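Report on the structure given below.
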Amino acid sequence: MSLFSSDKLKGKRIAILATDGFEQVELTEPQKFLKNEGATVDVVSLKSGSIKGWDQTDWGDKTDVDKTLSEVSVADYDALVLPGGQINPDKLRIEPTAVNFVRDFANSGKLVAAICHGSWTLIEADVVRGKHMTSWPSVKTDLRNAGAEWQDSEVVVDGNFVTSRKPEDLDAFNKKIEEKLLGTAK
């Protein structure tokens, strides 16, 4: 444990579902934050090995995959994080195993946290109807068309959902995930 970490989330297990083209900081910052708070964090993907991030305007770094979707179940985790980027959720929403995992997670009542374009997979899973959510501005109409109530806020909580708009919202996003896992969120 480093000087800046704690055990607040010790015993909590988090899945970050992503594939090639995830927005770099929208995976790495929640991953680092949650690990520093004591959680076990698995990067879950469609394939084993590594996945490549997108860093603002070009390809970013590779991130190791801890488990594939075929190796996990909703019962293994306390929360699911869906990073954005345009490429990542667009690829995930056409993969039935990813959509089913997200749908099952959302329907379980466990925490689901999506940032930026990450909500596209939630839309495909048909779990946003009636939810208050935020996202990257270009996803607003998609969310509304799927029945969600969209608002322009750095973080929105509705039941087991936490959503944020963009990388600049990551501090609020991460803190709200932690609060929800600790049962202290408003």
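The values are calculated or read from the model by the stated rules, or taken from the named source; none is laboratory data. Note that the structure is predicted; figures quoted are calculated from it, not measured. Counting neighbours? That spans all protein chains shown, and the Cβs are built from the backbone with ideal geometry, glycine included.
Summary table
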| quantity | calculated |
| --- | --- |
| Long-range neighbours under 7 Å by Cβ, at least six apart or interchain, first residue modelled with pLDDT of 95 or more within region 92-117, second in a strand (DSSP E or B) and aromatic (Phe, Trp, Tyr) | Val112/Phe161 |
| Which listed residue, of Asp42, Asp20, is surrounded by fewer than 23 Cβ atoms within 10 Å (Cβ to Cβ), of a type in the set (D, E, K, R) and in a loop (DSSP other than H, G, I, E, B) | Asp20 |
| Matching residues, region 78-92, being assigned to a helix (DSSP H, G or I), touching a helix residue (DSSP H, G or I) at 6+ places or on another chain (Cβ under 7 Å) and buried (at least 24 other Cβ atoms within 10 Å of the Cβ) | Pro89, Leu92 |
| Where Asp55 falls short, out of the listed (1) of a type in the set (Asp, Glu); (2) more than 15 Å from Pro167 (Cβ to Cβ); (3) touching a strand residue (DSSP E or B) at 6+ places or on another chain (Cβ under 8 Å) | (2) |
| Residue list for region 58-77, restricted to those being of a type outside the set (Phe, Trp, Tyr), exposed (fewer than 14 other Cβ atoms within 10 Å of the Cβ) and closer than 13 Å to Gly21 by Cβ | Asp58, Asp61, Lys62 |
